[in-house]
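S.K.: Below is the structure I would like to discuss, written out as C-alpha cells.
The values are calculated or read from the model by the stated rules, or taken from the named source; none is laboratory data. Model, not experiment: these values are computed from the prediction. Counting neighbours? That spans all protein chains shown, and the Cβs are built from the backbone with ideal geometry, glycine included.
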Amino acid sequence: MRTWNLLLTAALLASMSAAAQQAAQSQPSAQPPAPDATQTAQPAPQAAPATDQPAPAAQATPDASQAAQPAAPPAQAIPLPAPVAAPTTMDQVVNLFIEREHGLIKVLATRTPVVETYLQNLTADPQLGPVPSEDHYFLGRMDMGETVDRKDYLKEQDPSMQSRLLGGFHKLYKVQYQPLGFSWMVYADRTDFDREHYDFRYARREFLGDVRCLVFDVTPKPKSGRGRFLGRIWVEDQGFNIVRLNGTYYPAAHNTFFFHMDSWRLNLIPGYWVPSFIYSEEGDFSAGVKNRMAFKAQTRIWGYDLKKGGKDDELTQIRVDSVTDESPTAQDASPLQAERVWQQQAEDNVVERLTNAGLLAPEGDLDRILQTVVNNLEVTNNIDLPRPVRTRVLLTSPLETFSVGNTIVISRGLIDVLPDEASLAAVLSHELAHIVLGHNLGSKFAFNDRMLFDDDSTYQNLGFKHIPEEEQAADKKALELLKNSPYAQKLDNVGLFLKALQLRAPQLSALLTTHLGNSLAENGTITRLSALETQGPALDNNKLDQIAALPLGGRVKINPWSDKAEMVKAAPVAITSARDKMPFEVTPFFPRLARFSAPVAPVAAPTTAAANSGSGN
Ligand SMILES: [Zn+2]
C-alpha cells in the first residue's frame, strides 16, 4: 500500500517546485511558480485578423448547432438551449445574447451556490506599491432566483460601508436569499436586460482564451432608472452567451457610488456559461493610495450543483448509511476495534456533511498529490497506521488545516500561497502529527443526529480545534517527522514562508481566521511550527529570486459546478520587481476560457450523420 514514490511526487508537483528550480537555475529573471492565471493575463487581442466586420455569420454557421448541442448530455435535467439560426446582422446578435441571458437567468433560478468574497483594503508602500492594510471575509449562499435589488448601493462616508460591501451582514456561511454585495454582477441586469433599457454598440472581436468573442459596449438609455449596467460585455460567437462583463452600475443616487467589477463565466455545462469569478477594485494608485476606500476583492462562486439548503430540504437529504455493516468479518469487535470503527464513522459523517454543504471538494486528483506528500512523510518515518491517511481540500480561502479521524483537510487558500512542496509538507506534517499522536477529535459526530443541521450553521455545529497542549505536541512531532523526511534539506523555504506570513499577519486577520481548525496565528503572531520561523535566510524584497509566498489563486482551480479541485496549469511569469511578488495578495482573475467538453468523450467526432446511421458502435 505504501510505496516510496518521491519520483511520482516530483512529477505531480512539477509546478509546485518550479520556484525552487528556477531560482536554482539563476536565470536572469527569477520566475515564480505558477502564479495566478491573472498574471499571465493576456488581454488576448490576437483575435482573428480583426476585420471589423460585425456580421459573424459565415463563421458562426457551421458551429452554432455544435455549440448548442455539445457531445454529452448534462447529468442534471437542464434543458439545452434551442439551436440558433446563424445571425447575419449585429442586431440579430444582440437579440440572441439578450435571449440567451434570459435563458441563463431561468436555468439558474433554482440554484443556491456558495459565494465567497475576500477583500483587502490597501495602503501605499514606497517599495511595494499598494499593499494590504486590513482584510475582510464573507461566505454565504446566494439564491439565484431572487430579483436583484440595487437599492443597496454604497454611500460615501457611510460608516457601515465595509459591511455593505460584503452584503450587509457578518454571520459566516449564512444562507441569504438575496443578492450579496459583490455578487450583484453575476448578471448585467436581472430584470431589464433589453433594448428598452439599454443601447448596445458593437466594438470588436477578441479572443478570451480559446473562445472567440464579440465585444459590445452597453449603456443604459436615458431615464431608464438607477443602478443600470454600464460597461462592456464579451459574447462568445457560437451560442451567443455572455462570457464576461466589465463595468459598473449607473446612475447612482446623489453622494453615492457603485463599485467596479470584472465578472467571468465558465462553460461548465452544455449550452450555458455560468458566473464563476468576480474581481473588484477601487482606488486611485497613481501617486500612492489617495482614496479613503481603496481595495481589491475576489469573489468566487461555486457549489451550483448542491442541493438547495432550505430547512425542509435538509431533513429529506439525510441518508442513514449503516457504517456498522462495513465490519470486515463475522468476528466480534474488540474494544479497540470498536473504538476505531466509531472514529471512522465520525470521520465519514463529517467529510460527507462538509461536502454536502459545499465546503469540501469531492475526492479528486489534487488529493492524490497531497496524499503523496503525506505518504513521503509516513514512509521515511516508518509510520504504520491501522487505516490510511486521507486528504481533502476545503474550498475556502482562509489559511487553515484540520484533521478529523484519519482525514487531513487543507484549505484552497493555503495551498495557493505555499511556495513549494516542502512548505506543503510542513503544514501537512502538523496534522499528520495529530493523527500519529492519537489526538482524535470529533468522535461525537459518530452520532448522526449531530449531522442534522442547516448548511448555514455548519460553522456553529462543526469544529476541530485542539487544546494548546495538543497543538504544541503536534508541532514538536511535526518537526521530528520533517527532519526525517525528504524535505529535511528544504526547511529554509518553510522558514521563509513563515517569516513572510508573520510580516503580513497583523494586516491579514481575516485570512488567518479559521472556521473549523486551529489558526496558524494568535493575536497577530504566527504560532504554527514557530520553531522553523528562525530557520533560513532573512526576508529580502530586493532579492527577486526569493519567493517566500505566492498570491492567492495561483495553484488551485475549482470547478464551480462540480466543486472539483485541480492544480492550475499556468506558465511561470518572470518577476521583474519586488512589486511582482504580491505575497498573500488578491489579484484580478483571468481564467483561460474554453468551451465545454464532456469529461469522458471518446467521440470520433467529425461526421455525426455517419455515426447516427451507423451500427451503434
Ligand atoms: Zn493542530
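S.K.: Test Leu385 against the criterion of being touching a Leu at 6+ places or on another chain (Cβ under 9 Å), at pLDDT 90 or above and among the aliphatic types (A, V, I, L, M), and give yes or no.
M.R.: Taking the combined requirement at face value, the residue does not satisfy it.
S.K.: Follow-up. Taking the stated definitions as given, is Glu470 within 27 Å of the chain's Cα centre (by Cα) and of a type outside the set (S, T, N, Q)?
M.R.: no
S.K.: I'd like the full set of residues that are assigned to a loop (DSSP other than H, G, I, E, B), surrounded by 15 or more Cβ atoms within 10 Å (Cβ to Cβ) and either basic (Lys, Arg) or in contact with a Pro (Cβ under 7 Å, 6 or more places away or on another chain) (or both), limited to the range 210-232.
M.R.: If the condition is that a residue be assigned to a loop (DSSP other than H, G, I, E, B), surrounded by 15 or more Cβ atoms within 10 Å (Cβ to Cβ) and either basic (Lys, Arg) or in contact with a Pro (Cβ under 7 Å, 6 or more places away or on another chain) (or both), then Arg226 is the only one that fits.
S.K.: Further question on the same structure: Kindly evaluate Asp420 against the criterion of being more than 16 Å from the ligand (Cβ to nearest atom), touching a residue at least 24 places away in the same chain (Cβ under 8 Å), buried (at least 24 other Cβ atoms within 10 Å of the Cβ) and more than 30 Å from Pro113 (Cα to Cα).
M.R.: Yes; evaluated as a whole, the condition is true for this residue.
S.K.: Could you identify the single residue in Lys444, Lys499, Lys483 that is without any contact (Cβ under 8 Å) to a residue 40 or more places away in the chain and away from the ligand (no atom under 16 Å from the Cβ)?
M.R.: Lys483
S.K.: Can you name the residue in the range 432-441 that is at negative phi and surrounded by fewer than 20 Cβ atoms within 10 Å (Cβ to Cβ) and is also farthest from the ligand (Cβ to nearest atom) among such residues?
M.R.: Asn440
S.K.: Could you say which residue among Asp321, Asp313 is assigned to a helix (DSSP H, G or I) and either of a type in the set (S, T, N, Q) or modelled with pLDDT under 60 (or both)?
M.R.: Asp313
S.K.: Same structure, new question: Would you mention how many residues in the range 187-208 are in a loop (DSSP other than H, G, I, E, B) and either in contact with a Pro (Cβ under 9 Å, 6 or more places away or on another chain) or under 28 Å from Ile301 (Cα atoms) (or both)?
M.R.: 9
S.K.: Out of all the residues in the range 397-413, which are away from the ligand (no atom under 13 Å from the Cβ) and not in a loop (DSSP other than H, G, I, E, B)?
M.R.: If the condition is that a residue be away from the ligand (no atom under 13 Å from the Cβ) and not in a loop (DSSP other than H, G, I, E, B), then Thr407, Ser411, Arg412, Gly413 are the ones that fit.
S.K.: If I go through the range 458-501 residue by residue, how many of them are out of contact with any His (no Cβ under 7 Å at 6 or more places or on another chain), closer than 19 Å to Leu377 by Cβ, surrounded by 14 or more Cβ atoms within 10 Å (Cβ to Cβ) and small (Gly, Ala, Ser)?
M.R.: 3
S.K.: Separate question: Can you pull out every residue in the range 414-426 that is outside any loop (DSSP other than H, G, I, E, B) and not hydrophobic (A, V, I, L, M, F, W, C)?
M.R.: Within the range 414-426, Asp416, Glu421, Ser423 meet the criteria.
S.K.: Does Thr256 meet the test of being modelled with pLDDT under 90 and under 25 Å from Leu593 (Cα atoms)?
M.R.: No.
S.K.: Continuing with the same structure: Quick one: is Leu394 closer than 28 Å to Trp342 by Cα and within 13 Å of the ligand (Cβ to nearest atom)?
M.R.: no
S.K.: Looking only at the range 507-525, decide whether some residue is more than 16 Å from the ligand (Cβ to nearest atom), surrounded by 18 or more Cβ atoms within 10 Å (Cβ to Cβ) and not in a helix (DSSP H, G or I).
M.R.: yes
S.K.: For the subset of the range 526-564 comprising residues that are more than 16 Å from the ligand (Cβ to nearest atom) and of a type in the set (Ser, Thr, Tyr), which member is nearest to Val115 (Cα to Cα)?
M.R.: Looking at residues that are more than 16 Å from the ligand (Cβ to nearest atom) and of a type in the set (Ser, Thr, Tyr), I get Ser562.
S.K.: Further question: It is to be established whether one or more residues within the range 456-470 are among the basic types (Lys, Arg) and within 16 Å of the ligand (Cβ to nearest atom).
M.R.: Yes, some residue in the range 456-470 is among the basic types (Lys, Arg) and within 16 Å of the ligand (Cβ to nearest atom).
S.K.: Which condition from (1) outside any loop (DSSP other than H, G, I, E, B); (2) away from the ligand (no atom under 16 Å from the Cβ); (3) hydroxyl-bearing (Ser, Thr, Tyr) is the one that Ser429 breaks?
M.R.: Single failed check for Ser429: (2).
S.K.: Continuing with the same structure: Is there a residue being in a helix (DSSP H, G or I), of a type in the set (D, E, K, R) and more than 20 Å from Ile369 (Cβ to Cβ) anywhere in the range 436-446?
M.R.: Checking the range 436-446: at least one residue is in a helix (DSSP H, G or I), of a type in the set (D, E, K, R) and more than 20 Å from Ile369 (Cβ to Cβ).
S.K.: Let me ask you something else. Select from the range 386-397 the residues that are surrounded by fewer than 21 Cβ atoms within 10 Å (Cβ to Cβ) and free of Cβ contacts under 8 Å to residues at least 40 places away in the same chain and list them in ascending order.
M.R.: Passing the criteria: only Arg390.
S.K.: Residues that are of a type in the set (Val, Ile, Thr) and at pLDDT 90 or above: does the range 595-610 have at least one?
M.R.: no
S.K.: Go through the residues of the range 370-385 one by one and say whether even a single one is free of Cβ contacts under 8 Å to residues at least 40 places away in the same chain, within 15 Å of the ligand (Cβ to nearest atom) and not in a loop (DSSP other than H, G, I, E, B).
M.R.: No, because not a single residue in the range 370-385 is free of Cβ contacts under 8 Å to residues at least 40 places away in the same chain, within 15 Å of the ligand (Cβ to nearest atom) and not in a loop (DSSP other than H, G, I, E, B).
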